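Inspection log for the structure reproduced underneath, given as structure tokens.
The values are calculated or read from the model by the stated rules, or taken from the named source; none is laboratory data. Here the structure is a predicted model, which is why all the values come from computation and not from measurement. Positions of Cβ are backbone-derived with ideal geometry, glycine not excepted, and every protein chain shown enters the neighbour counts. Protein only, heavy atoms only, side chains kept; ligands, DNA and RNA dropped before computing areas. Shrake-Rupley method; radii C 1.70, N 1.55, O 1.52, S 1.80 Å.
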Amino acid sequence: MKPELMKRMVKGPDGLEFEVEPLRDYYCEAAPTVMPGAYIKIVEDLFNWARSESIWILGFGTGCGAIEMRPLMTPRFDAYRYGVQWRPTPRQANLFIISGYLSVKTLKRAIRSYEQMQSPKYVIGLGSCTINGGMYWDSYNTIKRLDDYLPVDLYIAGCMPRPEALLAGFEDLKKIIRAGKGEGANQYAANFDWYKANQKKVIHDWDMPDYNW
Amino acid sequence: MDFDWMKVPYALLTLFIVFNFGLLQTALIQKIAARVGRRHGIPVWQNYIDLIKNYGQRSSITHGVMFYLGPVFRLSGGVGLLLFVPSLYGSEMFSNFSFAGDLILALYFVFFGTLGMALGAGESGHPHAAIGVSRGLAQVTAAELPFALAVFSVALQYQTLSVTEIVAAQQGGFLNWTVFTNPLAVTAAMLSFLGSMMRPPFDVVLAPQEIPIGPPTEYHSSYLALMQTNRAIFPVAKIVIYMNLFFGGATIWPEFFLKVFCIYLWSAFVGVVFPRFRVEQSIRWFLIWAVPIGVLSILIL
Ligand code: SF4
């Protein structure tokens, strides 16, 4: 564990000494719980419809595929027409696009970002690298199957998929959400131990709490 | 003092109308800005969907009491501003809770939301939020200055602090509007208007590219939805003041919609043409260009 994450005494500017325990002070450690939808079906359907028509993407690009997301904001493809918008902070985002190969170092950040998003949240795996490792299948520091580490709702295959493929992917994701099947967050909470074990298997310098939001 | 209880449902009706108008108007303005960039932009009803979605998020976490109160303060700033100025002049139904001297209260409400936001965002503990808030407060303070000067100038001109009386003095032909009777004050106020609408060139407070996204970084789910509600109401409420003080107010709803939209369009128009200012640049800009005009408008009277 890094020294700055250790429990230690700190001297404040006014001369007061106090104890700092970064892992406890900066994170909330409560594990995620399975959150049921609204009791009345029609309300949940309305929410699901709204969720599908207002997809806010977390602006986090991982592999080469990130370059394919930018054209979606330009006049040529203009994803805003379909209710897709970008948010710069995980708190407000609903959709996390893992855009290609994910090195172990980035995986750590991806997990933290994913856990900070509010449920219900969705994950799209973009490109063959997220499905089976793609052309990085024998690389020593990328993960091979994204689904082992984060609950993926939808894959968009290709190396690399064109922006049109992404737009088609969004339409498919909308269908999944509207059918009430976009329950990745609950799946993550229900199988929390399994996901954590997988994550810890590849991330060797695990210096954060098991759940951080 | 007797209070006319019928005012309450009428005021709520105003709120409802303004809320829906605000949601559609912000989307429309965004669409216009997108059109300038040759995009189609969001559908006009997108804001409603976003709002439903954010209220429908299942989880939300808090960072403390002030974190709760931030959006609440902000919303009450917007609603309060709206409720204490008459929306329609001469209408029994839509003059809301206006009273003599409400101008001062309105000025206070304009600032109230920003302060609430500063407290709430400060408690969220995110460094980007703190940077955003300090930028926001600096800029809004600089932008408020010319507006306050303009308001004093107008109050001196009409010798009253009641918005209703100021509107009354401007009736009878558009040449009676303050734009034509006191153009300097209106110029100062319209420059200040740019600074408070969070559109370019004065949107460094939100600056999505460098301090994502400023004060509301940590806000999500229903907190964010509350703030979105306010984003629909507050600009309209603020424009209503401008309309009443400088552009002769409105007597019927279509006139109200048209005037509010045109005033809003002014900030959008400037926004799509000019690139973003840094904070110190925008403060300097307000102090050099807007404040002297405001001072001049008082001196000339
Ligand atoms: S799938 Fe191809 S384009 Fe995408 S990240 Fe992997 S190697 Fe790059």
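Exceeding 23 Å between C-alpha atoms, which entries from my cross-link table qualify? They are A:Lys108/A:Lys175; B:Lys31/B:Lys53; B:Lys7/B:Lys238; A:Lys174/A:Lys200; A:Lys121/A:Lys181; A:Lys175/A:Lys201. As for pairs spanning more than 23 Å Cα to Cα, those are A:Lys108/A:Lys175; A:Lys174/A:Lys200; A:Lys175/A:Lys201. Each residue was assigned an accessible area with a 1.4 Å probe, and for A:Lys196 the value is about 10 Å². Scattering from the stretch B:1-136 was approximated by placing one identical point on each alpha carbon and applying the Debye formula without solvent; log10 I(q)/I(0) at 0.10, 0.16 1/Å stands at -0.49, -1.11.
Averaged over peptide A:48-56, how many Cβ atoms belonging to another chain are found within 10 Å of each residue's Cβ? Can you show the working numbers first?
Values: counts 2, 4, 9, 6, 2, 8, 11, 1, 3.
Taking the mean over all residues of the peptide, I get 5.
Of the peptides B:59-72, A:113-126, the ranking by mean beta-carbon count within 10 Å, highest at the top, reads A:113-126, B:59-72. Look at the stretch A:87-97: the mean tally of other chain Cβ atoms within 10 Å of its residues' Cβ atoms is 5.
In this label model, B:Trp266 and A:Asn132 are separated by 6.4 nm, measuring between points 7 Å along each Cα→Cβ vector. A:Lys7: which aspartates and glutamates have alpha carbons under 15 Å from its alpha carbon, excluding same-chain residues fewer than 8 sequence positions away? Counting by Cα, and skipping residues close in sequence, A:Lys7 has these aspartates and glutamates nearby: A:Glu17, A:Glu19, A:Glu21, A:Asp25, A:Asp207. Going by accessible surface with a 1.4 Å probe and the largest first, A:Lys2, A:Lys174, A:Lys201 read A:Lys201, A:Lys2, A:Lys174. From the Kirkwood radius over Cα pairs of the stretch A:61-187, Stokes-Einstein at 4 °C and 1.567 mPa s returns a whole-number translational diffusion coefficient of 88 µm²/s. At the listed q of 0.07, 0.12, 0.14, 0.19 Å⁻¹, the Debye profile of chain A, built from one uniform point per Cα, gives log10 I(q)/I(0) equal to -0.25, -0.68, -0.88, -1.41.
Distance between the C-alpha centres of the stretch B:1-32 and the stretch A:42-57: 26 Å, rounded to the whole angstrom. Averaged over residues, the count of other Cβ atoms within 10 Å places the peptides B:139-149, A:130-140 in the sequence B:139-149, A:130-140, highest first.
Applied to the stretch A:105-121, the Karplus parametrisation 6.51 cos²θ - 1.76 cosθ + 1.60 on θ = phi - 60° returns per-residue 3J(HN,Hα) values of 5, 6, 4, 4, 5, 4, 5, 4, 5, 4, 5, 7, 6, 8, 6, x, 9 Hz, with x for Gly and Pro.
Scaled to the compact-protein estimate 2.2 N^0.38 Å, what is the alpha-carbon radius of gyration of the stretch B:169-290, rounded to two decimal places?
Numbers: Rg = 16.4 Å, N = 122, 2.2 N^0.38 = 13.7 Å.
Cα-based Rg divided by the globular estimate yields 1.20.
Ignoring ligands, DNA and RNA, what accessible area per residue does chain B give at 1.4 Å, in Å²? Please report the intermediate quantities before stating the final value.
Numbers: 12570 Å² over 301 residues.
Heavy-atom SASA per residue in chain B reads 42 Å².
Averaged over the residues of peptide A:113-122, the number of Cβ atoms from other protein chains lying within 10 Å of each residue's Cβ is 3. Computed with the Debye formula from one identical point scatterer per Cα of the protein assembly as shown, without solvent, the log10 of I(q)/I(0) at q = 0.07 Å⁻¹ comes to -0.45. Once the Cα atoms are used to define both axes, helix B:221-246 deviates from the longest principal axis of chain B by about 20 degrees. Surface composition of the protein assembly as shown: carbon plus sulfur atoms contribute 65% of the solvent-accessible area (1.4 Å probe, protein chains only, all chains present).
Sort the following peptides by mean Cβ neighbour count (other Cβ atoms within 10 Å, averaged over residues), highest first: B:286-293, B:35-42. Write out the running numbers ahead of the final one.
Values: B:286-293: 17.6, B:35-42: 15.9.
Descending packing order for the listed peptides: B:286-293, B:35-42.
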